[in-house]
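Scroll down for the structure; my scribbles are underneath it.
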Amino acid sequence: MLHIKKRLILFLFLGLYPFYIQAQDVIAVGDNALNCLEDPNCINRLHPSIPMTSFAKPGDTIYFNSRNCDDVDLSPDAPKDPRMDDPEWGTVHPMAGPVHIEGAEAGDLLKVTIHKIIPGEWAFTLTDGGFLPDEFGNTLSVKWKLNSEYAMSDDLPGIRLPNRSFPGIVTVLPGTEQHAKIRARESELFKAGGSVMMPYATHASPIEICGEDGTFSEECLRTIPPREQGGNLDIRYLQEGVTIYLPCELPGCGLAIGDAHYIQGDGEVSGTALEMDATVIVTTEVLKDGPKLERGPHFEGSSDLLNIPSERFYATTGFPLKNRKDIPSDIAYLASEKIPQLENLSKDISLAAKNALLEMIDYISHTYGYTREESYLIASVAVDIRIGQLVDVPNVGVTAILPLDIFVKD
């Protein structure tokens, strides 16, 4: 762990002087030049027994140096990582940490403020199932070149995406009770046929806890879903200046950050955003009398972050309508004799979102000449899926919003 004591020159260089006076130390966690199994300050599973790798006081400035979601070398000349042949995505997601926050106890609230995000040089986006696995079976991969202002790709000409960087994962470690509760409910859902990523020890870190011969190899949680203690939130509004509130469930909390995105549309519909290496710079505060946060994290920030990155937009709408005899794949495990007989499902947000997204994919493809798969990828990184209304039964409404300024001439 790099520990730098009161180095004002570093803050001036990074433009961080405004909060220097509040920070006692600068602490760097993780090394994004190493993969997670090589980096002692990296984890890619969650369990209460994972040891803290770094220590910080409230108010310290913490640099989380994180790898991209696949934990691979993104430089164009890098050879293929053999771990990418793993069908269970055992390398997902590397997170820098966990960091023990001094004075934090179970029951406290951890306040995490994001001050700066420094993108890496490259990013990638995949269409690999995502929200529409029945529609898109082939995998399209796009590599993006990044700078501090925008991203462009030779693989997808005509698109320029502004920098709206944020960490996909901000989490604390689960406590013993919460971990047991999560394991029980996800196992129950898996047995019922629901979509769940169960514990998987291959490529797991830390090896001694979660690896194939680890103490808790059958119990470490995957990082795919967000949960009550945070995790893979993938909320594009968690940008610079935002404060996130997480429930501390064990002494020190165990703060970890990773899965940085250069930009993402609400929904991340193809399954990925612009996935990049990054440095995320935060400070923390421990609150002793905050809300319990039993259902999920809270966050706050400037309302400017809620806007789309464009002066003009185009939007499509969707409602929970389907062809007779069809059973939507995401509710197949709940299938009954009623579903195939209906063309309309009451208050089904998922089906409404699917229909709005399909309309948008068709629009992008028809208007701009991209293939449907390319249009799906564009939707994942730029289109916002938003709820219009939840009360006009049976047809709740969802909109898909496309920022038009991303389209540029070659």
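The values are calculated or read from the model by the stated rules, or taken from the named source; none is laboratory data. Just so we're clear, the structure is a prediction, and the values are computed from it rather than from any experiment. Positions of Cβ are generated from backbone atoms using ideal geometry, with glycine treated the same way; all protein chains shown enter the neighbour counts. When the accessible area is computed, the model is the full protein with side chains, heavy atoms only, and any ligands, DNA or RNA have been set aside. Shrake-Rupley method; radii C 1.70, N 1.55, O 1.52, S 1.80 Å.
Just a few scattered comments:
- Taken over the range 94-109, the criterion of being within 22 Å of G168 (Cβ to Cβ) and either open to solvent by 50 Å² or more (accessible area, probe 1.4 Å) or of a type outside the set (V, I, T) (or both) is satisfied by P94, M95, A96, G97, P98, L109.
- Within the range 113-145, the set of residues being open to solvent by less than 70 Å² (accessible area, probe 1.4 Å) and part of a loop (DSSP other than H, G, I, E, B) comprises D128, G129, G130, L132, P133, F136.
- Selected residue [in a loop (DSSP other than H, G, I, E, B) and either more than 29 Å from L34 (Cβ to Cβ) or of a type in the set (G, A, S) (or both)] from A201, A180: A201
- Boolean, E212 is acidic (D, E) and open to solvent by less than 70 Å² (accessible area, probe 1.4 Å): no
One line per residue, one yes/no per condition, for (1) in contact with a Leu (Cβ under 6 Å, 6 or more places away or on another chain); (2) under 19 Å from A104 (Cβ atoms):
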{"site": "K143", "(1), (2)": "no, no"}
{"site": "L146", "(1), (2)": "no, no"}
{"site": "A151", "(1), (2)": "yes, no"}
{"site": "D154", "(1), (2)": "no, no"}
{"site": "G158", "(1), (2)": "no, no"}
{"site": "L161", "(1), (2)": "no, no"}
{"site": "T176", "(1), (2)": "no, yes"}
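- Yes/no for V99 being in contact (Cβ under 8 Å) with a residue 24 or more places away in the chain, of a type in the set (V, I, T) and in a loop (DSSP other than H, G, I, E, B): no
- Odd one out for R386 among (1) in contact with an Asp or Glu (Cβ under 9 Å, 6 or more places away or on another chain); (2) in a loop (DSSP other than H, G, I, E, B): (2)
- Restricted to the range 352-380, and to residues there that are out of contact with any strand residue (DSSP E or B) (no Cβ under 6 Å at 6 or more places or on another chain) and open to solvent by less than 10 Å² (accessible area, probe 1.4 Å), the residue that is farthest from L161 (Cα to Cα) is I361.
- Test result for L74, in contact with a strand residue (DSSP E or B) (Cβ under 6 Å, 6 or more places away or on another chain), in contact (Cβ under 8 Å) with a residue 12 or more places away in the chain and in a loop (DSSP other than H, G, I, E, B): yes
- Within the range 323-351, restricting attention to residues that are among the aliphatic types (A, V, I, L, M) and within 26 Å of N138 (Cβ to Cβ), the residue that is most open to solvent (accessible area, probe 1.4 Å) is I327.
- Check on L287, modelled with pLDDT of 95 or more and farther than 18 Å from I401 by Cα: yes
- Any hit, the range 349-364, residues being of a type in the set (K, R) and not in a helix (DSSP H, G or I): no
- Selected residue [under 25 Å from the mean Cα position of the chain (by Cα), of a type in the set (G, A, S) and within 20 Å of G137 (Cβ to Cβ)] from S380, S365: S380
- Apart from one condition, V170 fits all of (1) over 21 Å from G120 (Cα atoms); (2) outside any helix (DSSP H, G or I); (3) among the hydrophobic types (A, V, I, L, M, F, W, C); the exception is (1).
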